[in-house]
Amino acid sequence: MHKVRQWYPSEQRHRVIYRGPYLKGPADKPLLGGEVVRRVVR
């Protein structure tokens, strides 16, 4: 989660709200799975 200063026009001020994580990408496509490569050593 991260903090965002959201503008509220009715109050004429910013309020801090927290937004949660989300998955980016098209909803009709599958998520890519697999191993994560952290480092390649030669």
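The values are calculated or read from the model by the stated rules, or taken from the named source; none is laboratory data. The model shown is predicted, which means the values in this text are computed figures rather than measured ones. Please note: Cβ atoms are built from the backbone with ideal geometry, for glycine as well, and neighbour counts cover all protein chains shown.
None of Val16, Val40 is touching a strand residue (DSSP E or B) at 6+ places or on another chain (Cβ under 7 Å) and not hydroxyl-bearing (Ser, Thr, Tyr) except Val16.
Checking each residue in segment 8-24 for being exposed (fewer than 10 other Cβ atoms within 10 Å of the Cβ), modelled with pLDDT of 85 or more and under 19 Å from the mean Cα position of the chain (by Cα) picks out Val16, Tyr18, Gly20, Pro21. Scanning the chain for residues that are hydrophobic (A, V, I, L, M, F, W, C) and assigned to a loop (DSSP other than H, G, I, E, B) turns up Met1, Leu23, Ala27, Leu31, Leu32, Val36, Val37, Val40, Val41.
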